[in-house]
1. Let me confirm something: among A:28, A:89, which residue is of a type in the set (D, E, K, R), out of contact with any Leu (no Cβ under 9 Å at 6 or more places or on another chain) and at the interface with another protein chain (Cβ under 8 Å from one of its Cβ atoms)?
2. State whether the residues of segment A:31-51 include one that is within 11 Å of chain B (Cβ to nearest Cβ), under 24 Å from residue B:29 (Cα atoms) and of a type in the set (A, V, I, L, M, F, W, C).
3. With the structure loaded, tell me whether residue A:12 is more than 7 Å from chain B (Cβ to nearest Cβ), among the basic types (Lys, Arg) and closer than 30 Å to residue B:167 by Cβ or whether it fails that test.
4. Could you tell me which of the residues B:140, B:127 is of a type in the set (Gly, Ala, Ser), part of a helix (DSSP H, G or I) and either modelled with pLDDT under 90 or in contact with a Gly (Cβ under 9 Å, 6 or more places away or on another chain) (or both)?
5. Return the total of residues in segment B:143-160 being in a helix (DSSP H, G or I) and over 16 Å from residue A:9 (Cα atoms).
6. Would you call residue B:46 more than 24 Å from residue B:151 (Cβ to Cβ) and in contact (Cβ under 8 Å) with a residue 24 or more places away in the chain?
7. Can you go through A:80, A:89 and tell me which one is farther than 30 Å from residue B:17 by Cα, surrounded by 10 or more Cβ atoms within 10 Å (Cβ to Cβ) and not aromatic (Phe, Trp, Tyr)?
8. Within segment B:121-130, restricting attention to residues that are within 13 Å of another protein chain (Cβ to nearest Cβ) and surrounded by fewer than 21 Cβ atoms within 10 Å (Cβ to Cβ), which residue is nearest to residue B:179 (Cα to Cα)?
Amino acid sequence: MNTTPDFSEAWRSLRARAAAQLPSDFADRVLRTLRRQTFSVRDVADRFFVAACTATACLVFVVLVHTHNTHKGNQVALADWRQISAQADSFAAVP
Amino acid sequence: MDITDSTALADLVREAQRGRDDAQRELIGRYQQRMAGFAYAITGRSDSVEDLTQIIFIKMFRALGRLDDPERFEAWLFRLARNSCIDHLRREKWRRFFTPIETEHEETIAETNAPVDSAELDALRHALQQLKPKDRVLIALAQEGRSQTEMAAITHTTVSAIKARLHRAREQLRNIYEHDA
């Protein structure tokens, strides 16, 4: 693809004008910004990880408490049922 | 770019992919002027050149690890630059929609009164601004020496469509430029 001859000088001026907008330490600035943003992304990732761990721990705790309470409730209901069943058997045995 | 240059560039890209600071710095140094010129040709505003060029390089480093073929680095970089410029123009369009007319007018004055611009540069900048952004992209890519096949890949279209659009855009640019200059 050839440069259109009529514009070549103007294009050079355009590039020079654009290049003049960049500071002399442009590369350093870009790399600094990149590192800073990478770190902030890591911070967000770390926070997300901590939040996810906390949420998981809470969920496990809730499940354990629920399982424990359900088991305890079942035990009580079973004991009651056994008692009722024993009483029913004893009534049935009365002539 | 000859084969030796192209191999050296691919090696440099690989080093930058490994996170080597000096390679990354050299990569920026090699392309910063071209990226700035590309961004300026598309946006037409010198005050956004530095920010936009920085955005292009930051996006480049974030995505560099996913570039499988370092030999195709340049075409890949220009695709990324093109997308960044189009995104920028889109954002600007929305920003202007919510900006009061007086502020927008002040911004325009600030750009046209920029110092030491030649008549040719003014005419070219004005002519570019009369084109559609996608046509400006094609003209800028052609000026950067991209082939029509690469342009087709960059803009997700066919080579024949690129030929037609580029021809039309050049004619339009030439007419406006010659009228202004």
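The values are calculated or read from the model by the stated rules, or taken from the named source; none is laboratory data. In this text the structure is predicted, and so the values were computed from the model without any measurement. Neighbour counts run over all protein chains shown; Cβ positions are idealised from the backbone, glycine included.
1. Only one candidate qualifies: A:28.
2. yes
3. Considered against the rule, which asks whether it is more than 7 Å from chain B (Cβ to nearest Cβ), among the basic types (Lys, Arg) and closer than 30 Å to residue B:167 by Cβ, residue A:12 comes out as yes.
4. Going through B:140, B:127 in turn, just one is of a type in the set (Gly, Ala, Ser), part of a helix (DSSP H, G or I) and either modelled with pLDDT under 90 or in contact with a Gly (Cβ under 9 Å, 6 or more places away or on another chain) (or both): B:140.
5. Of the residues in that region, 9 qualify.
6. Yes; evaluated as a whole, the condition is true for this residue.
7. A:80
8. B:123
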